[in-house]
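Nothing in this text is a laboratory measurement; each read-out follows from the coordinates by a stated rule. Keep in mind it's a predicted model, so treat the numbers as computed, not measured. Positions of Cβ are generated from backbone atoms using ideal geometry, with glycine treated the same way; all protein chains shown enter the neighbour counts.
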Amino acid sequence: MALRKIREIGEDVLNQVCKEVTEVTPRTIELIEDMLETMYSTGGVGLAAPQVGVRKRIVVIDVTGDDPIVMINPKIIETSGEQTGMEGCLSVPGKCGQVTRPNYVKAIAYDEELKPYEIEGTELLARAICHELDHLEGKLYVDLVEGDLLDNEPPEEE
Ligand code: NI
């Protein structure tokens, strides 16, 4: 495993739509392991493949620190409610801003064996799923910020 370099706002790869994963190769597994290691090393709660320069539909999330979630080709299939709170992103260092997201999200995704599964989340997990899946569409939270983007270390890095 190895740490990967985090791409920052302004780099093209963060504004591009990512490609579906059609097979999981040893290289894919290495990418996922590196993404997890990179996420944990930065204290982040989520990381999407384009943030390490790879234009593939893969995200990793862990909002508790001991429950890694790997999502391949994820799709949100249901949302409800609303939450408004501060959000940050490893690709936008030193900034945070207020974003409104659904308070509940249900998604489908594939695991490392390309087996489909469903996942439900509320609060921070729902927020992390929305934030990371946006990365796969080439979208950053900064375009959703209500009010100003603030010069602050975010309370949680997503
Ligand atoms: Ni992010």
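Among Leu31, Leu144, Leu14, the residue with the largest mean-square fluctuation in a Gaussian network model of the chain, with springs joining Cα atoms closer than 10 Å, is Leu144. Dipole check for the chain: with +1 at the C-beta of Lys and Arg, -1 at the C-beta of Asp and Glu, and the Cα centre as origin, the magnitude is about 500 Debye.
For the chain, modelled as a GNM whose springs connect Cα atoms under 10 angstrom apart, the maximal fluctuation among Leu36, Leu136, Leu125 occurs at Leu125. Shape class for the chain, computed from the alpha carbon gyration tensor (a ≥ b ≥ c): oblate, with a/c not under 1.5 and a/b at or below b/c. Computing Rg and the Kirkwood Rh from the Cα coordinates of segment 83-125 gives a ratio, Rg/Rh, of 1.11.
Full extension of the chain between Lys139 and Lys75 yields a length gain of 21.5 nm, computed as 0.36 nm times the residue separation minus the alpha carbon distance.
Using Cα springs under 10 Å in a Gaussian network model of the chain, which residue among Met35, Met71, Met86 shows the largest mean-square fluctuation? The residue that fluctuates most here is Met86. If you average the alpha carbon positions of segment 110-139 and of segment 24-39, how far apart do those two centres end up, in angstrom? Taking the Cα centre of each part, segment 110-139 and segment 24-39 sit 16 Å apart. Take every pair of alpha-carbon atoms less than 8 Å apart whose residues are at least six positions apart; their mean separation over the length of segment 82-158 yields a relative contact order of 42 percent.
For the chain, adding -39500 (n - 2.57) for each run of n ≥ 4 DSSP H residues and dividing by the number of residues yields -6500 deg cm²/dmol at 222 nm.
Remind me, relative contact order of the chain in percent, using alpha carbon pairs under 8 angstrom and six or more residues apart? Normalised by residue count, the contact order of the chain is 27 percent.
For the chain, what is the percent of antiparallel DSSP beta bridges, rounded to the nearest 5? The antiparallel proportion sits near 95 percent. Straightening the chain between Asp151 and Arg27 buys 41.0 nm, computed as 0.36 nm per residue apart minus the Cα-Cα spacing.
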